[in-house]
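Just dropping this structure here.
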């Protein structure tokens, strides 16, 4: 119980820090440089604190698993329960996996240096990553990771200044590698469909934005190592 309570406490601390760090001080709208610098400092501080808390959570999770393994060795009922727990961990993304799949590479294109072009179409946006992940899920992906960050149903991508954040504050930057486990042909067929990712593929032609993919007979994704933030949902009694 002490170990489980510690895991819950560590998870709560990560959530609290994530909420606190993004309460930046208001700055004049015209002071964009100062605003971006403040956001960068907030992101860096949040990452440092997240890394420390993630390490603590992972240590506690290992302790819990050690206790579960020891209990399972003593009882057949405990062994059956442990097998069920392991299955749920796999479904939740808490287990590293390997198998056939698809590896997709994405990177910024060439800056046209056109003052009239404010779309920044030559850069990879967080929406591009979200669209790719959604498309992979829709075409049968069983597990997905972006730059080594495991994507689960509660994952989201968003901006913090010039940075892209995922999984409650983990910063990722280009070039981007998206790894998906599943039927390689089905995944490649979905990404290659001309009706899918049409806007991204158009920017690939216009700006040289990098977009390529390759089937893999064996690839891997790490386990999810962030927290699950549940603010409003409650178990049905």
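Can you say whether residue 136 is in contact with a strand residue (DSSP E or B) (Cβ under 7 Å, 6 or more places away or on another chain), assigned to a helix (DSSP H, G or I) and surrounded by 14 or more Cβ atoms within 10 Å (Cβ to Cβ), as far as the supplied structure shows? If you could, list the steps in order and put the result at the bottom.
Working: in contact with a strand residue (DSSP E or B) (Cβ under 7 Å, 6 or more places away or on another chain): yes; assigned to a helix (DSSP H, G or I): yes; surrounded by 14 or more Cβ atoms within 10 Å (Cβ to Cβ): yes.
So residue 136 fits the description; yes.
Filter region 152-189 down to the residues that are without any contact (Cβ under 8 Å) to a residue 60 or more places away in the chain and either surrounded by fewer than 18 Cβ atoms within 10 Å (Cβ to Cβ) or assigned to a strand (DSSP E or B) (or both) and list them by number.
Listed by number, the residues that qualify are 153, 156, 157, 158, 159, 164, 166, 172, 173, 185, 186, 189.
A follow-up question, please. I'd like the full set of residues that are modelled with pLDDT under 95 and either within 21 Å of residue 172 (Cα to Cα) or surrounded by 14 or more Cβ atoms within 10 Å (Cβ to Cβ) (or both), limited to region 90-107. Even if it seems obvious, please write down each step before you answer.
Our first condition is that a residue be modelled with pLDDT under 95; within region 90-107, this holds for 90-96.
The answer is 90, 92, 93, 94, 95, 96.
Suppose we filter region 171-193 for residues that are at pLDDT below 95 and in contact with a helix residue (DSSP H, G or I) (Cβ under 9 Å, 6 or more places away or on another chain); how many remain?
Residues meeting the conditions: 2.
Just wondering, is there one or more residues in region 112-127 that are surrounded by 13 or more Cβ atoms within 10 Å (Cβ to Cβ) and within 30 Å of residue 65 (Cα to Cα)?
Scanning region 112-127 turns up no residue that is surrounded by 13 or more Cβ atoms within 10 Å (Cβ to Cβ) and within 30 Å of residue 65 (Cα to Cα).
Before we move on, is residue 229 touching a residue at least 24 places away in the same chain (Cβ under 8 Å), assigned to a loop (DSSP other than H, G, I, E, B) and surrounded by fewer than 20 Cβ atoms within 10 Å (Cβ to Cβ)? Break it down stepwise before answering.
Working: touching a residue at least 24 places away in the same chain (Cβ under 8 Å): yes; assigned to a loop (DSSP other than H, G, I, E, B): yes; surrounded by fewer than 20 Cβ atoms within 10 Å (Cβ to Cβ): yes.
Yes.
Something else now. From the list 48, 87, 69, which one is at pLDDT 75 or above, over 30 Å from residue 162 (Cα atoms) and part of a helix (DSSP H, G or I)?
Details: 48 fails: over 30 Å from residue 162 (Cα atoms); 69 fails: at pLDDT 75 or above.
Of 48, 87, 69, the one residue that is at pLDDT 75 or above, over 30 Å from residue 162 (Cα atoms) and part of a helix (DSSP H, G or I) is 87.
So, one more: Count, please, the residues in region 190-204 that happen to be surrounded by fewer than 18 Cβ atoms within 10 Å (Cβ to Cβ) and either free of Cβ contacts under 8 Å to residues at least 60 places away in the same chain or over 23 Å from residue 124 (Cβ atoms) (or both).
8
Is it the case that residue 129 is touching a helix residue (DSSP H, G or I) at 6+ places or on another chain (Cβ under 8 Å) and at pLDDT 95 or above? Spell out the reasoning first.
On the way: touching a helix residue (DSSP H, G or I) at 6+ places or on another chain (Cβ under 8 Å): no; at pLDDT 95 or above: yes.
No; evaluated as a whole, the condition is false for this residue.
For region 205-223, give me the residue count where each residue is surrounded by fewer than 17 Cβ atoms within 10 Å (Cβ to Cβ) and either within 20 Å of the chain's Cα centre (by Cα) or within 20 Å of residue 107 (Cα to Cα) (or both).
So in region 205-223, the residues surrounded by fewer than 17 Cβ atoms within 10 Å (Cβ to Cβ) come out as 205-206, 208, 210, 212, 214-215, 217-218, 220, 222.
The next check asks that each one be either within 20 Å of the chain's Cα centre (by Cα) or within 20 Å of residue 107 (Cα to Cα) (or both); those that pass are 205-206, 208, 210, 212, 214-215, 220, 222.
Here the count works out to 9.
The values are calculated or read from the model by the stated rules, or taken from the named source; none is laboratory data. Predicted model only: the values in this text are computed from it and were never measured. Backbone-built Cβ (ideal geometry, glycine too); neighbour counts: all protein chains shown.
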